[in-house]
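Read the structure below first, then the notes.
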Amino acid sequence: MSRYQQKSNMFYLFLDKTGKISTANFRRLAFGDESLGCFRSTTIDAYVDELSGNTGWITFEQFKQFMQADTHTFENPLVIAELKQAFNEVDVNKDGFISSVEARRGITLAGERIPGISFDYLCQKFDDNRDGQLSFQEFLTNIKKIIHE
């Protein structure tokens, strides 16, 4: 029996009369999957809320969408949610952009050192539209470039 079939059977155990399961039960079901251990629980919570449309319930179609996602690719919604959470942590003033000052703080907090490269240069390298700040889309685009290089 495949992992998908096992989880599908478990999904049916949690179903209520509406044909849905609560996000709490879905979370318990999903966290039994060891392949999700690389994601923070807050990322899982954010993704489950988004997946459910913030309704508190997961349909079987939403469950299938979750189970079919490849957690090892960049385009996976859990990976995007994890990166969004990291971006938001660095965006201290919550304006939706990362300034060079916020980038410096974020890299320092992450314990990273980038010898020979200034923070301003790094920000310029990621700032595709040259507006002096980094949008989430620019962040994603450039992280994806780095991963594929």
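Since every read-out is calculated from the coordinates, none of them should be taken as a lab result. Nothing here was measured: the structure is a model prediction, and the numbers come from that model. Because the Cβ atoms are built from the backbone with ideal geometry, glycine has one as well, and the counts that use them run over all protein chains shown.
Tabulated data for the structure shown
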read-out	value
Pairwise FRET efficiency - Lys64 versus Val92, Cβ, R0 = 30 Å, nearest 0.05	0.20
Net length gained if the chain between Ile80 and Ile107 were fully extended (0.36 nm per residue, minus Cα distance)	7.8 nm
Separation in nanometres of the label points that stand 7 Å from Cα toward Cβ, at Asn142 and Thr55	3.9 nm
